[in-house]
Amino acid sequence: MQITSFKQYEEDYKKSVENPEQFWGEVAQNFQWRKPWYKVLSWNFKDPEIKWFEGAKLNITENCLDRHLAANGDKPSIIWEPNNTEEESVTYTYKMLHERVCRFANVLKRNGAKKGDRICIYMPMVPELAIAVLACARIGAVHSVIFGGFSAKSIADRINDSQCKLVITADGAYRGNKQIPLKEVIDDALIGCPTVEKCIVLTHVRTPVSMLKGRDVWWEDEVKHVNDICEAEEMDAEDMLFILYTSGSTGKPKGVVHTCGGYMVYAGYTFTNVFNYKPGEVYFCTADIGWITGHSYIVYGPLSQGATSVLFEGIPTYPNPSRFWDIIEKHKVNTLYTAPTAIRSLMSFGEEPLIGKDLSSIRVLGSVGEPINEEAWHWFDEKIGHGKAPLVDTWWQTETGGIMISPIATVTPTKPGFATLPLPGIQPILVDEHGKEIEGNGISGNLCIKFPWPGMLRTTYGDHERCKQTYFSTYENLYFTGDGCLRDEDGYYRITGRVDDVLNVSGHRIGTAEVENAINMHAGVVESAVVGYPHDVKGQGIYAFVINPEMHGEAELTKKDILQTVTRVIGAIAKPDKILFVSGLPKTRSGKIMRRILRKIAEGDTGNLGDTSTLLDPAVVDEIIEAAKKQ
Ligand code: PRX
């Protein structure tokens with residue numbers, strides 16, 4: 001199923017559009033099914049109802065583990081690189097990983113978990129995180145991984161939304177020179193989570209933790225009580241595999257649901273093609289498993305293809321900004337898949353950290369999560385790829401399950417700043433604000449997809465109507481991505497950023513409404529408005545306009561109090577970079593905040609604010625501009 005020439009790409013693309021069922025049916029033959037499907041696809045975008053590989057039975061872990069054992073059991077599956085350089089890296093062969101997953105799957109069963117139960121995972125980037133994920137899939141439980149940067153309140157909201165029965169965590173996590181007390185955060189979260197019966201705790205940083213009798217058990221003790229034989233649960237192709245919460249333009253994150261069969265096919269197919277993965281190569285994705293990139297391109301995609309996947313616990317700049325390059329040299333990494341924010345941050349250290357590093361193993365480079373600016377693109381291409389490694393700028397989303405628009409390494413001619421062309425099976429269209437298709441090249445519009453693909457979300461957990469409203473109602477019969485996009489004269493796609501009220505901060509998706517809700521929870525704050533502004537390293541920074549809060553002490557202290565509140569309510573990742581106290585916000589007569597104006601002010605572009613005549617109080621704009629200048 002690997003595409004090896006541009007001609008083949010064109011042929012496959014054509015076939016995938018003209019006869020999608022035959023195309024995906026053939027791709028799916030490359031996976032292991034317990035029972036075949038009787039129908040490749042049935043769908044409508046109105047409800048929406050999407051079913052791939054109907055009637056088929058499988059277990060994704062048999063595809064990620066068991067099927068590699070006979071020929072490749074001794075091949076490395078995961079290479080773990082710890083945060084602390086004094087610690088040794090650890091290699092898990094496919095046999096070892098299989099054994100650990102089966103054993104832990106039995107631990108889950110021993111603790112009452114069964115098919116269909118939801119399990120929350122809040123862990124550091126250690127192999128046990130991948131093991132926990134796969135163990136859930138092994139027994140047919142639905143995992144909901146929560147990124148380690150979220151607060152107790154965010155965790156509790158997510159656990160309650162999906163009614164998790166079990167939590168898997170660790171005593172703590174390392175992050176550069178910091179330690180994060182994961183279990184303590186979980187303890188705070190679980191005060192308000194009545195559905196959680198058990199909490200399994202891995203020892204990692206060896207910090208003291210409180211273990212509640214009857215609820216909390218140690219990972220290390222539990223695995224001693226079970227064996228390593230665990231037959232995989234037979235799953236329907238459309239059974240739920242996981243839930244992953246993501247931000248949107250409303251205040252409440254939604255649980256994006258992916259199912260077993262289609263997601264597996266799509267993650268595996270896109271992995272092998274986009275990265276042109278060759279057996280025996282070492283692949284390194286620097287994302288966290290707490291986000292979709294880690295799900296699809298550290299765990300499921302690579303393992304389904306028998307690849308060797310590096311799992312890195314630390315951060316790019318610890319203990320110094322050579323860390324990625326040391327890892328590449330040490331493990332002879334062939335593919336590096338990372339985020340523009342990491343590239344920009346490493347770029348800022350100049351060339352010194354690269355001196356003497358052997359990066360000759362690098363064959364393919366990848367970028368994900370946000371638009372990559374040309375400067376970062378060229379630096380990555382020249383300094384890391386030495387102009388010889390194809391750089392794939394991969395556009396996709398939590399909801400899409402896998403990469404959608406991207407070059408295919410060694411096949412698609414690349415162009416800086418462009419995600420280039422849709423992968424086979426993906427039918428993008430650009431529409432104007434009324435949903436009318438804008439045809440031809442050299443045009444811009446809102447990016448929609450007009451035909452289903454196997455990896456797409458099926459629903460938002462517990463609220464199908466919300467899924468319909470968010471993705472399928474803006475434009476009739478189209479999946480709306482929320483992104484703006486340009487299609488140039490060559491038909492190449494360039495994603496220009498979100499067109500809704502969602503920010504992309506260091507590749508993390510954060511809804512402005514969510515941040516506003518958090519700020520407004522501070523005792524002294526009545527109202528606020530949050531917008532994004534260009535940030536050199538993060539891509540976008542968070543700018544909060546807060547209507548004069550009741551001060552407790554001086555203004556600076558009150559700003560810090562607000563930051564503390566946001567950290568408590570969402571997590572440190574959502575902390576505003578700038579806070580400006582103002583006496584009012586630019587509102588229309590109907591009370592709607594005109595964010596367009598605030599965005600311009602945040603960008604420092606106040607020359608042309610457009611039409612402000614509909615504002616209730618136009619004078620407030622001048623006042624905000626003055627205050628912003630003084631900041
Ligand atoms: O705006 C797009 C941006 O990230 C959003 C999806 O965020 P999330 O669901 O968190 O998934 C991130 C990892 C897949 C998109 O709507 N985005 C993602 N990749 C790119 C991108 N923007 C431009 N270029 C990309 N390559």
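All conditions in (1) more than 16 Å from the ligand (Cβ to nearest atom); (2) within 11 Å of Tyr493 (Cα to Cα); (3) not β-branched (Val, Ile, Thr) hold for Lys415, with the sole exception of (1).
Among the residues of region 204-214, just one is without any contact (Cβ under 8 Å) to a residue 24 or more places away in the chain and under 13 Å from Thr169 (Cα atoms), namely Met211.
Residue-level check: of (1) buried (at least 17 other Cβ atoms within 10 Å of the Cβ); (2) in contact with a Leu (Cβ under 8 Å, 6 or more places away or on another chain); (3) of a type in the set (D, E, K, R), Lys538 misses just (2).
Taking region 274-301 as the range and being surrounded by 24 or more Cβ atoms within 10 Å (Cβ to Cβ) and closer than 18 Å to Ile3 by Cβ as the test, the residues that pass are Val274, Phe275, Tyr283, Tyr297, Gly301. Of all the listed residues (Glu81, Glu49), the sole one being buried (at least 16 other Cβ atoms within 10 Å of the Cβ) and of a type outside the set (Phe, Trp, Tyr) is Glu81. Residues of region 247-256 include none that is out of contact with any Pro (no Cβ under 7 Å at 6 or more places or on another chain), outside any helix (DSSP H, G or I), basic (Lys, Arg) and within 19 Å of Val133 (Cα to Cα). Those strands (runs of 3 or more DSSP E) of region 293-393 in which 2 or more residues are modelled with pLDDT of 95 or more and either within 29 Å of His204 (Cα to Cα) or among the charged types (D, E, K, R) (or both) occupy 308-312, 335-338. Each residue in region 602-618 was checked for being under 15 Å from Ile547 (Cβ atoms) and among the hydrophobic types (A, V, I, L, M, F, W, C), and 1 pass.
Condition check ((1) modelled with pLDDT of 95 or more; (2) under 25 Å from the mean Cα position of the chain (by Cα)) across all residues:
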| position | (1), (2) |
| --- | --- |
| Glu222 | yes, no |
| Ser249 | no, yes |
| Gly261 | yes, yes |
| Tyr269 | yes, yes |
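Of the helices (runs of 4 or more DSSP H) lying entirely inside region 39-155, the ones with 1 or more residues being touching an Asp or Glu at 6+ places or on another chain (Cβ under 8 Å) are found at 94-110, 127-139.
A quick yes/no check of all residues on (1) at pLDDT 95 or above; (2) more than 30 Å from Ile372 (Cβ to Cβ); (3) small (Gly, Ala, Ser):
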residue	(1), (2), (3)
Val515	yes, no, no
Ala523	no, yes, yes
Phe545	yes, no, no
His552	no, yes, no
Ala555	no, yes, yes
Thr558	no, yes, no
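Condition (residue is away from the ligand (no atom under 16 Å from the Cβ) and buried (at least 18 other Cβ atoms within 10 Å of the Cβ)) applied to region 240-252: is it met by at least one residue? Yes: region 240-252 contains one or more residues that are away from the ligand (no atom under 16 Å from the Cβ) and buried (at least 18 other Cβ atoms within 10 Å of the Cβ). Within region 510-530, restricting attention to residues that are away from the ligand (no atom under 16 Å from the Cβ) and assigned to a strand (DSSP E or B), the residue that is surrounded by the most Cβ atoms within 10 Å (Cβ to Cβ) is Val530.
If the condition is being buried (at least 22 other Cβ atoms within 10 Å of the Cβ) and near the ligand (Cβ under 8 Å from one of its atoms), then region 372-402 contributes Ile372, Asp393, Thr394, Trp395, Trp396, Glu399, Thr400. When region 283-292 is filtered for residues that are of a type in the set (Ser, Thr, Tyr) and not in a loop (DSSP other than H, G, I, E, B), only Tyr283 remains.
The residues of region 2-21 that are in contact with a strand residue (DSSP E or B) (Cβ under 8 Å, 6 or more places away or on another chain) and not aromatic (Phe, Trp, Tyr), listed by number, are Pro20, Glu21. If you take the residues in region 497-509 that are touching a residue at least 40 places away in the same chain (Cβ under 8 Å) and within 8 Å of the ligand (Cβ to nearest atom), which one is nearest to Thr246 (Cα to Cα)? Within region 497-509, the match that is nearest to Thr246 (Cα to Cα) is Arg509. The numbered conditions (1) part of a loop (DSSP other than H, G, I, E, B); (2) over 21 Å from Ile119 (Cβ atoms); (3) small (Gly, Ala, Ser) are all true for Ala232 except (2). Taken over region 273-307, residues that are within 12 Å of the ligand (Cβ to nearest atom) and within 16 Å of Ile328 (Cα to Cα) amount to 2.
Scanning region 226-271 for residues that are within 12 Å of Arg458 (Cα to Cα) and charged (D, E, K, R) turns up Glu238, Asp239. Any residue at all in region 447-467 that's among the small types (Gly, Ala, Ser), over 30 Å from Glu54 (Cα atoms) and either within 16 Å of the ligand (Cβ to nearest atom) or in contact with a Gly (Cβ under 8 Å, 6 or more places away or on another chain) (or both)? Within region 447-467, none of the residues are among the small types (Gly, Ala, Ser), over 30 Å from Glu54 (Cα atoms) and either within 16 Å of the ligand (Cβ to nearest atom) or in contact with a Gly (Cβ under 8 Å, 6 or more places away or on another chain) (or both).
Counting only residues that are in a strand (DSSP E or B) and more than 13 Å from the ligand (Cβ to nearest atom), region 423-434 holds 3 of them. Applying a threshold of 8 Å to beta carbon distances and a minimum spacing of six or more residues, or different chains, the list of pairs starting in region 393-418 at a residue that is under 16 Å from Tyr13 (Cα atoms) and ending at one that is among the acidic types (Asp, Glu) and part of a strand (DSSP E or B) reads Ser406/Asp393; Pro407/Asp393.
The values are calculated or read from the model by the stated rules, or taken from the named source; none is laboratory data. In this text the structure is predicted, and so the values were computed from the model without any measurement. Because the Cβ atoms are built from the backbone with ideal geometry, glycine has one as well, and the counts that use them run over all protein chains shown.
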